[in-house]
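Participant: Take a look at this one; I'll ask things after.
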Amino acid sequence: MAVVVVIGALAAWTVKEDGYLFGIRTPLAAADYEGTGGEPVQVDVPEGANGYSIARELVEKEVVASAEAFVRAFNANPDAAAIQPGTHVLKLHMSAESAVAALAQNDVNRGGLTVVEGYTVDQIRQTMIEVGWPEQDVAAALGNPQALGLPAEAGGHLEGWLAASTYDAKPETVPAADVLKQMVALTVEELEELDVPPAQQNDVIIKASLVEREAPDKYRGEVARVIENRLEAGEPLGLDAIDSYGRKKPSHLITTEEFQDRSFPYASRVVAGLPPTAIGAPSRASVEAVLNPPAGDWHWYVTVNLDTQETKFTNNYDEFLVYREEYQAWAAENGY
């Protein structure tokens, strides 16, 4: 039996029970997710960690569904024994098999601070605290955005202005405020390199953060064009990622009443225009997509195959419904 959870228009995962024999649950059954996951999350693997200790960390961070499934996948992968200590970037709700494979790639940050593309200010705050910066120092620095060099055009909102990158900084040597200043400075530097006028920079950051959360890599430009088309038409953007950010919970937990609440500025299905802030740290690729989207009259899109990330765009609502049915058929065929 599979339980399907869909987040927005572009991400989906399935919780399954493996260890079934001819449809009958065996003692080996363990909760597992399907697929390669959703939002990025940092996981620290300490020196001397084994499959069981890593599993506990991954379950706590909601990377895998159960320790049992992870340990089984760990023991089945011959590369697992070579997983190195350090900070690994994984994703929420990964299958145990894909989590082990990702760890075994050993793309490890052994020092400094890594801000992952798409991270919110709250995730960056938590990451800094986990790395070792005192919580009170981080909170004090985030509470004074102007002192961090935030441009006036940002309206005092740091969201989206803390650049995703790896910083050569450690809590013992660099104060929290100085690291955050580096993040803001890098964002400003990139915007200036791309010749974005100061008056337009905040809107570009907000749009790019939406592209970062919504678009498969090779469709960033097309999604940016859909956003522009909806804005120009005065239509609500209708992106569940906006509502999820505003409500601080997954879209499947947002009620119909909340989605339809016109008094809530992040209610993207009924409130036209951009949200009041960005919803995460955009990559440079997403910023460039916003600045140079391809021509197109699209207002809707559907990712019809989550494995290949094939995404179809249209300006016809009936065609959009056809694409949605195509995705649903693919999902049913592939156990989502």
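Participant: Rolling a 1.4 angstrom probe over the protein chains, ignoring ligands and nucleic acids, what is the accessible area of Thr127 in square angstrom, nearest 10?
Facilitator: 10 Å²
Participant: While we're here: At a 1.4 Å probe radius, carbon and sulfur cover how many percent of the accessible area of the range 189-236?
Facilitator: Within the range 189-236, the accessible surface is 38 percent carbon and sulfur.
Participant: At a threshold of 8 angstrom on Cα-Cα distance, excluding pairs fewer than six apart, so keeping six or more, what relative contact order does the chain reach in percent? Before the final figure, lay out the partial values.
Facilitator: Values: 610 pairs, mean separation 53.5, N = 336.
The normalised contact order for the chain reaches 16 percent.
Participant: Can you give the accessible area of Ser286, probe radius 1.4 Å, in Å² rounded to 10?
Facilitator: That residue has around 0 Å² of solvent-accessible surface.
Participant: Quick one: accessible area per residue over the chain, 1.4 Å probe, rounded to a whole number of Å²?
Facilitator: 48 Å²
Participant: Also, quick follow-up: Given a 1.4 angstrom probe, I'd like the percentage of the accessible area of the range 44-92 that is carbon and sulfur, rounded to a whole number.
Facilitator: Carbon-and-sulfur percentage of accessible area, whole number: 51.
Participant: Given Ser286, Ala331, Ser209, which one lies farthest toward the positive end of the charge dipole of the range 191-336, if we put +1 on the Cβ of every Lys and Arg and -1 on the Cβ of every Asp and Glu?
Facilitator: Projecting each Cα onto the dipole axis, the largest value belongs to Ser209.
Participant: Let me ask something else about it. Over the range 158-305, what is the mean sequence separation of C-alpha contacts under 8 Å (at least six apart), divided by residue count, expressed as relative contact order in percent?
Facilitator: Dividing the mean separation by the residue count of the range 158-305 yields 34 percent.
Participant: Can you tell which of Thr303, Phe74, Ala31 lies farthest toward the positive end of the dipole of the chain, using +1 and -1 charges on the Cβ of basic and acidic side chains (Lys, Arg; Asp, Glu)?
Facilitator: Ala31
Participant: While we're here: How many percent of the accessible area of the range 248-323 is carbon or sulfur, using a 1.4 Å probe?
Facilitator: It is 51 percent, rounded to a whole number.
Participant: Sticking with this structure for a sec: What size of dipole, in debye to the nearest 20, comes out for the range 232-336 about its Cα centre when the only charges are +1 on Lys and Arg C-beta atoms and -1 on Asp and Glu C-beta atoms? Walk me through the numbers on the way to the answer.
Facilitator: Working: 8 positive and 16 negative charges, 106 e Å.
With Lys and Arg at +1 and Asp and Glu at -1, about 520 debye.
Participant: Quick one: how many Å² of Leu180 are accessible to a 1.4 Å probe, rounded to 10?
Facilitator: Roll a 1.4 Å probe over it and Leu180 shows about 0 Å².
Participant: Would you please give the residues with an amide H less than 5 Å from that of Asn305, counting only those at least 5 places away or on a separate chain, with H modeled from the backbone geometry?
Facilitator: So Asn305 has HN proximity to Glu310.
Participant: Rounding to the nearest 20 debye, state how big the charge dipole of the chain is about its Cα centre with +1 on each Lys and Arg Cβ and -1 on each Asp and Glu Cβ.
Facilitator: 480 debye
Participant: Another question about this same structure. Using mean projected area of the Cα convex hull in nm² as the read-out, say which of (1) 17.2; (2) 20.2; (3) 18.6 was calculated from these coordinates.
Facilitator: Computing mean projected area of the Cα convex hull in nm² and matching it to (1) 17.2; (2) 20.2; (3) 18.6 gives (3).
Participant: Same structure, new question: Quick query: amide H of Gly86 versus all other amide H atoms, modeled in the peptide plane; which residues come in under 5 Å with a sequence gap of 5 or more or a different chain?
Facilitator: Val45
Participant: In a Gaussian network model over the chain where Cα atoms closer than 10 Å are linked, find which of Ala55, Ala147, Ala185 has the largest mean-square fluctuation.
Facilitator: The residue that fluctuates most here is Ala147.
Participant: Give me, ordered by chain and number, the residues 5 or more places off Trp300 or on other chains with an amide H under 5 Å from its own placed amide H.
Facilitator: Thr314
Participant: To continue, here is another question. Taking trypsin sites (Lys or Arg not before Pro) as exposed when DSSP calls them loop (any state but H, G, I, E, B) and at most 12 other Cβ atoms lie within 10 Å, what is the longest stretch of the chain free of them, the sites themselves excluded? Don't skip to the answer; put the middle values down first.
Facilitator: Numbers: sites that count: Arg110, Lys248, Arg262.
The segment 111-247 is the longest one with no such site.
The values are calculated or read from the model by the stated rules, or taken from the named source; none is laboratory data. Since we're looking at a predicted model, the values are computed, not measured. Cβ coordinates were reconstructed from backbone atoms using ideal geometry, including for glycine residues, and neighbour counts include every protein chain displayed. Please note that ligands, DNA and RNA were not included when accessible areas were found on the heavy atoms of the full protein model with its side chains. Shrake-Rupley method; radii C 1.70, N 1.55, O 1.52, S 1.80 Å.
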